[in-house]
Number of protein chains: 6
Amino acid sequence: MGVHQYFKSLSDLEKLVRCPGKFKYQEHNVASHSFKVTKIAQYLATVEECHGEKINWKLVYEKALNHDYPEIFTGDIKTPVKYASKELKHLFSEVEEEMTRKFVDTEFPEMYRDIYHERLKEGKDDTIEGKILSVADKIDLLYESFGEIQKRNPEPLFFEIYEMSLRTIIEFEEMHCVQDFLNNILPEMLQERFIPRSELKEITYAILKIKDTQ
Amino acid sequence: MGVHQYFKSLSDLEKLVRCPGKFKYQEHNVASHSFKVTKIAQYLATVEECHGEKINWKLVYEKALNHDYPEIFTGDIKTPVKYASKELKHLFSEVEEEMTRKFVDTEFPEMYRDIYHERLKEGKDDTIEGKILSVADKIDLLYESFGEIQKRNPEPLFFEIYEMSLRTIIEFEEMHCVQDFLNNILPEMLQERFIPRSELKEITYAILKIKDTQ
Amino acid sequence: MGVHQYFKSLSDLEKLVRCPGKFKYQEHNVASHSFKVTKIAQYLATVEECHGEKINWKLVYEKALNHDYPEIFTGDIKTPVKYASKELKHLFSEVEEEMTRKFVDTEFPEMYRDIYHERLKEGKDDTIEGKILSVADKIDLLYESFGEIQKRNPEPLFFEIYEMSLRTIIEFEEMHCVQDFLNNILPEMLQERFIPRSELKEITYAILKIKDTQ
Amino acid sequence: MGVHQYFKSLSDLEKLVRCPGKFKYQEHNVASHSFKVTKIAQYLATVEECHGEKINWKLVYEKALNHDYPEIFTGDIKTPVKYASKELKHLFSEVEEEMTRKFVDTEFPEMYRDIYHERLKEGKDDTIEGKILSVADKIDLLYESFGEIQKRNPEPLFFEIYEMSLRTIIEFEEMHCVQDFLNNILPEMLQERFIPRSELKEITYAILKIKDTQ
Amino acid sequence: MGVHQYFKSLSDLEKLVRCPGKFKYQEHNVASHSFKVTKIAQYLATVEECHGEKINWKLVYEKALNHDYPEIFTGDIKTPVKYASKELKHLFSEVEEEMTRKFVDTEFPEMYRDIYHERLKEGKDDTIEGKILSVADKIDLLYESFGEIQKRNPEPLFFEIYEMSLRTIIEFEEMHCVQDFLNNILPEMLQERFIPRSELKEITYAILKIKDTQ
Amino acid sequence: MGVHQYFKSLSDLEKLVRCPGKFKYQEHNVASHSFKVTKIAQYLATVEECHGEKINWKLVYEKALNHDYPEIFTGDIKTPVKYASKELKHLFSEVEEEMTRKFVDTEFPEMYRDIYHERLKEGKDDTIEGKILSVADKIDLLYESFGEIQKRNPEPLFFEIYEMSLRTIIEFEEMHCVQDFLNNILPEMLQERFIPRSELKEITYAILKIKDTQ
């Protein structure tokens, strides 16, 4: 019954945990994920612009910021279910859109409805801004799964997510920002140190200026 | 690739939080919920049997224990989505059954497959055991929502869940166990004390044997 | 040693809890807060634009998205400390800026450094976009403290934060978006229902179609 | 003063953490544990039945479901304390039984008391159903400790629990279900992959179709 | 096999949750509780000393700091179990002492063993320092239960704990520090404000300088 | 407005998480940390006394117990900020002292004020008790960071903290207790077993008395 419902709903995104039903060392919520995707999209669009592409910044931000908002209505549905059949996927998208539309019509004053209908639409289209969203969404997912792998999560799912995310990113490899990611950022990520116990001993004894005689 | 996958999957149910996307004072997971539903069904079936009904105990336990297991495959989908259209609901059930079937065929030795196909089926049917499951499931949901209301959760959703659960229970009011619940257990639940601050002061001063002169 | 450090740092914001050292029913992290502030700023800027003001959307989003990023370097310093003396506040701002500048110079390729120096600056200035950030930041703080008050947090601090946030918002009352907030959104927030126990009994018995004869 | 107290107490089992006083990557509560033990017992009894043994299914479920319920009265007492002396163990069992008996007599209607006295008794006896409970209880404990070891918990206790559980299971090695567990399920558990970092690099570069030249 | 085991065990006290098996808004661990008891004992002893009593400060601190350390060996046993019979209580104390003694003999160098045998003994004796420990322990328990009551925990147990703690404190009412607590600190605790919703509206509209005309 | 505010504030230390803004496997709060530092200081002072040094025990405990209490007023400020400039550090210390002084003057009865002004002062001075506090504080920090390294936290920060703590401890290497720590306790810590997967297999098969033929 008003924009208050919309503002209040933002807090529900903080209570939606990503990838439910699996043990994770570090949990992420949909609000934090949306923040990170928007920050990453900001960087990717910067790279594109510095390489001469024309960027509609308003659109970049709108797409990134709102891309998971409809999860408020649908909850977190596992990907294999969504994609089990074309028919189910289609029906599901229709329901999602219908629920979002109804929310905007119920809660927003008339003068802002068209704007929000537009904003809360699926944003991953073929425009450069839509492609930036697709890449940014997968980069954050790659980081989330890398975080679990690095912390030694034994669940194979995170490895599958890592692989699937990387494959999707590579589909956009003609983009400047994806080239930048693959050539500069990903190698750096893979060089992350892992401190083995042996090194701990060495450094300890180096500090102590004592030979490890064991 | 074996029953180990099945045993391991039980732990995933511990990581599936009920009613995601909403602030709750006390969170419940699907494994704990399944335990409580089975314990409640045990009581309800006891009431029925003591009133002369014939109970297939093996069935009571199988239905209660397994009723939410397929959420492992589908995740937690919000009710309004599931019921948005008959077509979607139907398609969705098909996908759920297909995934469960495939899991049993992949992980179980052949000699146990038929048994598990049967066990992991939708259990809420018109048998007395199926009806006991329907009631037990809603009683636990009623307790979960009552717990939030009693702790003063301001979110109206929990009140709606409370009401909806109670309405469903009443649909089975011809059952002995539902009569017992409505006549004996529910009134007790509603008499739960809530300790007001004024009482705290009174008792404190009574203990101190000092008149409260403020 | 590269943009990977920047991407990785976004996840640290998820581990920075807002208002540390106080019991809260619902905790919020800096990443989620930044997301909500950006969504609120988006709405506020929409209101301004629909009332004829000229909005630099790129700036609105940059300011909102990045406004708390430097907390990565400084941690969460209690407000009374920061504002204990003009001299301390000034020194403190200098240190914050210096650390941010050094981070950008160390981690970003040269071609993007000026852009990020600009982006990670203090954003609350006298431009309309700066004022929108000031208001959006305080609206989210108001919602955070209202959430605690509504859940009956006995700590007076949340009431003080509520009051202080509202006072700051009112300082911008000449803005269209603040008028909209005060006239339409805030009254709706204050009408949030709280379900008393007596009502619970009534509705229960209404559902049961039984007179409450106790 | 009624069955409501019994239903409400089920939720207390959700707040009893298993193995308190030790750091764990994943915590388990007594309600979830009871659910898993019952599911495992269901499988074990299925194996026995398929190998020609006669199973009292009602008993299997009753024993598994209720085996840790008395922890509501006693709390979680560390095993070495319980077993410190025969005399203490005996006295302790007496107190546990007395408390359970008193609870049933206070909260249950007379017609159900005998049934619940029977159900809440110690279930690990020499019947096939009692032995299935003993094995199922230890299999879940084995999985819990394996989960910690696999996640690299440095605490030796989990290794001791793993070893002790396995030793207990082997005491029942004449059972068909234990043979099935040792021959089919345990080997599968030990083959759980652990993804080493080197493999991560390989797969990443394989996806990228780039030779790892470092 | 050394003092490292002792230092490491301190962290186990951080994983021992107080009052397990009950929903609490704010959980406390045994390490934090021990800290608070020691700080409270420090204040109580200060009051006694300022009123002319002779205080052995070394003893005050030793008793408070170590009073719950043996819970590392025994876990958290519910009070009604411990006190079920004199015989059980006696046997139980013997086991606790034996385990503590064995730990000191195993982990500490010989020259410190007698000191630690003395330190880890039951500290609640009839000396002034022992009585200060008894009072300080109950004051912290009173604060823990008051915190739950103030946050509106509907569980009657916390009210019982509050009452029982207060009754124990009063048993020592001849002490200066208990007089100080009852006359000055407790009344202040009971005056803690609880901000009702009506007041929230009033202050909001006072800030807005708008009459509440609803 | 009284000592109740002081007692209540102790609970705020339980909500202050150490090292905010970084992923940790095990979180520690300031109250628990203070407890552990006091226990460690107790041991260190025992070593000193047994080696003939004169110890003021009252001072040892006061310093250790209160050393982080002022964080209640200032929050958790990251070390690099505090030490960014001598001027800032000085100003910051002044503000901290001023806030602590004001708190004591507001909340404590006059007769106890001087005592608490003294107690809540910075305790790390050149007395033997001050040096014991410096060492104990760093030993607990070493254990906290070792805990993360042992659990394989990939964040290099914990390694830096480990190294920095050890370096500070060594600065006091002329002390008997530091010699004891370096010669007896630290080597034991570094010998902590880490159970590799291969060993798990071996022991499993040893228990099973089966040769691992894979």
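FYI, it's all coordinate maths here, none of it is from the lab. Nothing here was measured: the structure is a model prediction, and the numbers come from that model. Note that each Cβ is placed from the backbone with ideal geometry, even for glycine, and that neighbours are counted across all protein chains shown.
Annotations
- Chain E, Cα convex hull volume normalised per residue, Å³: 169
- Residue-averaged [θ]222 nm for chain F, counting only DSSP H segments that reach four residues, each worth -39500 (n - 2.57): -20500 deg cm²/dmol
- Residue of chain C with the Cβ closest to the rotation axis carrying C onto F, and that distance rounded to whole Å: C:ILE77, 3.
- Averaged over peptide C:136-145, the number of partner chain Cβ atoms lying within 10 Å of each residue's Cβ comes to 1.
- Within 10 Å of the Cβ of each residue in C:152-165, the mean number of Cβ atoms contributed by other protein chains is 4.
- Surrounding net charge for F:ASN29, when Lys and Arg each add one and Asp and Glu each subtract one, Cβ distance under 13 Å: -3
- For D:24-31, mean number of other protein chain Cβ atoms within 10 Å: 5
- Under the Debye formula (equal points on every Cα, no solvent term), log10 I(q)/I(0) of the range A:131-172 at q = 0.15 Å⁻¹: -0.32
- In summary, the lysines within cross-link reach of C:LYS54, defined as a Cα separation below 16 angstrom excluding same-chain residues under 8 places away, comprise A:LYS58, C:LYS131.
- In this label model, C:SER93 and B:GLU97 are separated by 6.8 nm, measuring between points 7 Å along each Cα→Cβ vector.
- Largest GNM mean-square fluctuation among A:CYS177, A:CYS19, A:CYS50, using chain A with Cα springs under 10 Å: A:CYS50.
- For the range E:17-124, projected area of the alpha-carbon convex hull averaged over all directions, nm²: 8.8
- Ratio of Rg to Rh over the protein assembly as shown (Cα coordinates, Kirkwood Rh, two decimals): 0.94
- When the Gaussian network model of chain A links Cα atoms closer than 10 Å, the mean-square fluctuations of A:MET111, A:MET189, A:MET175 top out at A:MET111.
- E:ASN184 label point (Cα plus 7 Å toward Cβ) to equivalent points in the other copies: 4.3, 5.6, 5.6, 6.4, 7.3 nm, shortest first.
- Most mobile of E:HIS90, E:HIS117, E:HIS33 in a GNM of chain E (Cα contacts under 10 Å): E:HIS90
- Angle in degrees between helix D:197-208 and the longest Cα principal axis of chain D, rounded to the nearest 10: 60
- Set of lysines near F:LYS82 by C-alpha distance (under 19 Å), chain-local residues within fewer than 8 positions excluded: C:LYS78, C:LYS82, C:LYS86, C:LYS89, C:LYS102, F:LYS22, F:LYS121, F:LYS124, F:LYS138
- Calculated from backbone phi, Karplus (6.51, -1.76, 1.60) coupling profile of the range F:178-189 in Hz, x at Gly/Pro: 6, 4, 4, 5, 5, 8, 10, 8, 4, x, 5, 4
- Copy-to-copy label separations for D:GLU202, where each label sits 7 Å from Cα toward Cβ, in nm and ascending: 2.4, 2.4, 7.0, 7.3, 7.4
- Label point of D:PRO156 (7 Å along Cα→beta-carbon): distances to the other copies' equivalent points are 3.4, 3.4, 4.7, 5.3, 6.0 nm, sorted ascending.
- Once each of the GluC sites (Glu not before Pro) sitting in a DSSP loop with at most 16 other beta-carbon atoms within 10 Å is removed, chain E keeps E:54-121 as its longest stretch.
- Extension gain for C:THR106 to C:ASP126 (0.36 nm times residue separation, less C-alpha to C-alpha distance): 4.1 nm.
- For the range B:45-58, 3J(HN,Hα) computed residue by residue from phi via the Karplus equation (6.51, -1.76, 1.60; θ = phi - 60°) reads 5, 4, 4, 4, 5, 5, 9, x, 7, 8, 10, 8, 4, 4 Hz, glycine and proline entered as x.
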